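Bear in mind that the values in this text are calculations on the coordinates, not laboratory data. From a predicted model like this one, the values you see are computed outputs, not experimental measurements. Note: ideal-geometry Cβ built from the backbone for every residue, glycine included; neighbour counts use all protein chains shown.
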Amino acid sequence: SEGRIHGGAIATLADTVAGCCACSTGGDCVTSSSTLEYLRPATGDLFCQAVPKKLGRHLSVIQVTITDAAEKTVATGTFTFFMIETGQECRPTLSGGIYKDEEPPRRNGAGAAVLTSVQIDSSTPSQR
């Protein structure tokens with residue numbers, strides 16, 4: 001497995017980029033659920049693109065595609081985020097849900113074409 005990128009690192013990249021996309025119209029978010037399909041071993045530099053399927057007041061759904069330097073798809077996935085107004089206090093409930101003190105403002109969906117992309121540099125420090 002030398003040179004291959006661990007699935008957990010790919011999931012972290014995808015969650016981070018999807019979260020940036022979900023919050024692109026303002027506010028904060030927390031991951032509610034995610035699915036990833038690993039399609040081939042990942043090596044070298046990776047790129048993640050996130051496209052919103054829905055940017056909502058309460059939930060946002062983001063589709064991600066992770067590709068390698070040869071533009072081959074390494075993984076795809078869907079992330080759902082619970083939307084939180086910036087500065088709003090949120091705390092877990094006993095049932096595992098989230099308690100919100102106030103409802104977040106309505107979102108206008110203007111970010112429907114948002115695309116967020118990030119690159120992982122897979123080189124070791126000695127190669128930089």
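The residues neighbouring residue 73, those whose beta-carbon lies less than 15 Å from its own, together hold a net charge of -2 under the Lys/Arg +1, Asp/Glu -1 convention. Sparsely packed loop sites in segment 27-59 (the trypsin sites (Lys or Arg not before Pro) outside DSSP H, G, I, E and B with at most 16 other Cβ atoms within 10 Å) comprise 57. Taking only the C-alpha atoms of segment 1-90, Rg followed by Dmax gives 13.9, 44 Å. Label separation (residue 32 vs residue 12): 2.6 nm, computed from points 7 Å beyond Cα along the C-beta direction.
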